[in-house]
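The values are calculated or read from the model by the stated rules, or taken from the named source; none is laboratory data. Model, not experiment: these values are computed from the prediction. Because the Cβ atoms are built from the backbone with ideal geometry, glycine has one as well, and the counts that use them run over all protein chains shown. Side chains are part of the model used for accessible areas, which takes the heavy atoms of the whole protein and leaves out ligands, DNA and RNA. Shrake-Rupley method; radii C 1.70, N 1.55, O 1.52, S 1.80 Å.
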Amino acid sequence: MTRIKGGVGAPRGFQCSAISCGIKNPAVQRLDLALIYSESPCTSAGTFTINRVKAAPVKLSQAHLRKGDLRAIVANSGNANACTGVQGIQDAKLMCDGVAKPLGLKRGEVGVCSTGVIGLPMPMVRVEPRFDDLVEGLGSGRGTEVAKAIITSDTHHKEVAISFDLGGHRVRIGGCVKGAGMISPSMATMLCFITTDANVPREALRKAVLEGVDESFNRITIDGDMSTNDTVLVLANGRSGMPPIRRGSALCKQFREALRWVMLELAQAVVRDGERVTKFVTVEVKGARTYLDAKQVAEAVCKSALVKSSWNGGDPNWGRVLHAVGYSRARIREELVDISYDGKAACLGGLQAPTAMDELREIAAKPEFKIEINLNQGDAEYVMYSSDLSPEYIDFNRSEYAYWKQARKDGLV
């Protein structure tokens, strides 16, 4: 695989556009409405939040995917269009119609995504007049603008694109992601759009997406919260010129690996850009009796506020790690558990290891390190990627009053 430029706009036959509508604040000009469009029909797949409170765009995009394939994605930042009732559904439909009609598409061929504050109606008075401009701005080489238009509390845009040989054809996969806070497994809190010019039948693509998400976006956590808007959408238009990939073939497996690699790169970028975080921590659980036991241990450790606070302080507090292992509901035996930091033993057999504390502190003070937990009871493994919990994170998330103040000016509340 070779890294290339262009993000979600890198694969052949995809055009992108992004404009400023002032969705969050009309006085601030920043890209906040984006469009991805395929010149050719696509196969498509997606995964969504499992939160029982789902945003209007999530409900509509799910319905569209159940009926057929997408060919375009319209997305906004600044407002989540979540918990907005019937009006929210109507606004999501209006966003689809606003780009579908000038593109000659049906509403069901458009996926819609929103991200931002929850509970406020969309300021469609500023969005609706701009659909024509959004469509007219479509062009190649504009994928980065999409990545910039969907960020909220992110400190920078996040994108990746690769090219690789697949069955004698040069294939491209490109993607972008937003996410920084409210990150938890079972679809992390984010929006992710991925395009490819590989020729992948619908069922093969859906299986590849489910497997890729499980090994990437479902392996990250920042604060343990789960949003109402989490969405991953993948479009494949076959413009590389290759014949369709047969499900279960070696080429299908190769494509899945490439897609998983792109997803993992984007997922890890989300953790590294977590809201005011200072650490990127890999937690690897080994020696579990079952896959579920390994997963439960990893999630318990990565979500523990006490553990994450010790990471922020550069404190290699293996006791906090062990206590999280104990309440994870996994089948463990305290006297068998080993814990290490970057290969240095901190705990052996449930007891303090002879490693000098200064050595462990030096590791825990680094911006990135790995904790390995060996349960010594089997062969099952699970890996997750997490961050610390900082005072700055709490300060940043204390109030969203400014959103509501603007909404009052717009007459929406």
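Worth a mention:
- Top-ranked residue of the stretch 57-68 - restricted to ones that are in contact with a strand residue (DSSP E or B) (Cβ under 8 Å, 6 or more places away or on another chain) and farther than 18 Å from Phe217 by Cα, ranked as surrounded by the fewest Cβ atoms within 10 Å (Cβ to Cβ): Gln62
- Qualifying residue in the stretch 28-40 (condition: within 22 Å of the chain's Cα centre (by Cα), under 24 Å from Glu265 (Cβ atoms), not in a strand (DSSP E or B) and not aromatic (Phe, Trp, Tyr)): yes
- So Val86, is it at pLDDT 95 or above, part of a strand (DSSP E or B) and not small (Gly, Ala, Ser): no
- Filter result for Ala250 (surrounded by fewer than 22 Cβ atoms within 10 Å (Cβ to Cβ), on the phi < 0 side of the Ramachandran plot and free of Cβ contacts under 8 Å to residues at least 12 places away in the same chain): yes
- In this structure, Ala100 qualifies as buried (at least 18 other Cβ atoms within 10 Å of the Cβ), more than 22 Å from the chain's Cα centre (by Cα) and either acidic (Asp, Glu) or modelled with pLDDT of 95 or more (or both).
- One residue stands out in the stretch 369-394 among those that are hydroxyl-bearing (Ser, Thr, Tyr) and open to solvent by 20 Å² or more (accessible area, probe 1.4 Å): the one that is nearest to Glu284 (Cα to Cα), namely Tyr385.
- With respect to (1) in a strand (DSSP E or B); (2) more than 19 Å from Ala149 (Cβ to Cβ), the lone exception for Ala75 is condition (2).
- Residue in the stretch 162-179 that is at pLDDT 95 or above, closer than 21 Å to Tyr385 by Cβ and surrounded by fewer than 24 Cβ atoms within 10 Å (Cβ to Cβ) present: yes
- Enumeration of residues in the stretch 24-47 that are over 23 Å from Lys106 (Cβ atoms) and either open to solvent by less than 10 Å² (accessible area, probe 1.4 Å) or in contact with a Cys (Cβ under 6 Å, 6 or more places away or on another chain) (or both): Asp32
- Test: Thr231 is within 22 Å of Glu372 (Cα to Cα), among the polar types (S, T, N, Q) and crowded, with 22+ Cβ neighbours inside 10 Å: no
- Any chance Val283 is in a helix (DSSP H, G or I) and either in contact with a Lys or Arg (Cβ under 9 Å, 6 or more places away or on another chain) or of a type outside the set (S, T, N, Q) (or both): no
- Condition check for Glu362: modelled with pLDDT of 95 or more, over 28 Å from Asn218 (Cβ atoms), open to solvent by 50 Å² or more (accessible area, probe 1.4 Å) and not aliphatic (A, V, I, L, M): yes
- When every residue of the stretch 109-125 is checked against the conditions, at least one turns out to be assigned to a loop (DSSP other than H, G, I, E, B), at pLDDT 95 or above, of a type in the set (A, V, I, L, M) and within 23 Å of the chain's Cα centre (by Cα).
- The selection criterion, being within 13 Å of the chain's Cα centre (by Cα), among the small types (Gly, Ala, Ser), at pLDDT 90 or above and buried (at least 17 other Cβ atoms within 10 Å of the Cβ), holds for Gly212.
- Subset of the stretch 11-22 that is in contact with a helix residue (DSSP H, G or I) (Cβ under 8 Å, 6 or more places away or on another chain) and open to solvent by 10 Å² or more (accessible area, probe 1.4 Å) - its residue that is farthest from Asp165 (Cα to Cα): Cys21
- From the list Asp338, Asp315, Asp273, Asp293, the lone residue that is surrounded by fewer than 17 Cβ atoms within 10 Å (Cβ to Cβ), touching a residue at least 24 places away in the same chain (Cβ under 8 Å) and among the acidic types (Asp, Glu) is Asp315.
- Scanning the stretch 141-161 for residues that are at pLDDT below 95 and either closer than 27 Å to Gly241 by Cβ or outside any loop (DSSP other than H, G, I, E, B) (or both) turns up just one, Gly141.
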